[in-house]
Amino acid sequence: MSLNWLKIIAEILTNEAVMEPLIAVILGYGVNAYTKNRRYRIIMDLSADIVDYIEENYKEWGIKGNEKMDKFMEIFIKEYHKQMKRKPKDVDLETARIRAEAIVQRARRAQRGKE
């Protein structure tokens, strides 16, 4: 009896009317996962690069404190748009802000450790 159930289930799953939507769902899930992973990598890479860029130039630009974060966000939005072809969502901006703060804090701790 259980063999009959397996046969029926196999016939249903291999039916073209079921397979096409199932394949579409699986592909959609894969594309979505790839996009999220790509977006996350772009946020992480951009954040690190922009923090380095600002740290190299902030004195020349005459900015300090919160102005550095404002400059970070300005550059981040432009660079994100170049790579993703759209503006970053609020969650992307918050992730980038947190990442930038973490990079700066780690650098400060490392600097204090050397002194």
Next item on the list: Please arrange TYR29, TYR58 by accessible surface area, largest first, computed with a 1.4 Å probe and ligands excluded.
Entry: TYR29, TYR58
Note to self: Per DSSP helix of 4 or more residues, -39500 (n - 2.57); summed, then divided by the residues of the chain. What does that give at 222 nm, rounded to the nearest 500?
What the structure shows: -32000 deg cm²/dmol
Check: By its C-alpha gyration tensor, with a ≥ b ≥ c as the square roots of the eigenvalues, how is the chain shaped: rounded for a/c under 1.5, else prolate for a/b larger than b/c, else oblate?
Finding: prolate
Check: Rolling a 1.4 angstrom probe over the protein heavy atoms, how many square angstrom per residue are accessible across the chain?
Finding: 78 Å²
Next item on the list: At 7 Å along the Cα-to-beta-carbon direction for both GLU16 and ALA107, put a label point, then send me their distance in nm to one decimal.
Entry: 6.1 nm
Margin query: Can you give me the distance in nm between label points at ARG97 and TRP61, each placed 7 Å from the Cα along the Cα-to-Cβ direction?
Written below: 1.7 nm
Notebook entry, point to check: Largest first, what is the accessible-area ranking of ARG112, ARG106 with a 1.4 Å probe?
Noted result: ARG112, ARG106
Check: Going down the list LYS36/LYS85; LYS59/LYS89; LYS64/LYS89, which pairs span over 24 Å between their C-alpha atoms?
Finding: LYS59/LYS89; LYS64/LYS89
Item checked: List VAL51, VAL25, VAL18, ordered by accessible area with a 1.4 Å probe, largest first -> VAL25, VAL18, VAL51
Check: Using a probe of 1.4 angstrom, how much of the accessible area of the chain is carbon and sulfur, in percent?
Finding: 58 percent
Next item on the list: Can you figure out the FRET efficiency of THR35 with GLU74, using R₀ = 25 Å and their beta-carbon distance, to the nearest 0.05?
Entry: 0.50
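The values are calculated or read from the model by the stated rules, or taken from the named source; none is laboratory data. Predicted, not measured: the structure shown is a model, and the values here were computed from it. Using ideal geometry, Cβ is built from the backbone for each residue, glycine included, and neighbour counts are taken over all protein chains shown. Keep in mind that these areas ignore ligands, DNA and RNA; they rest on the heavy atoms of the full protein, side chains included. Shrake-Rupley method; radii C 1.70, N 1.55, O 1.52, S 1.80 Å.
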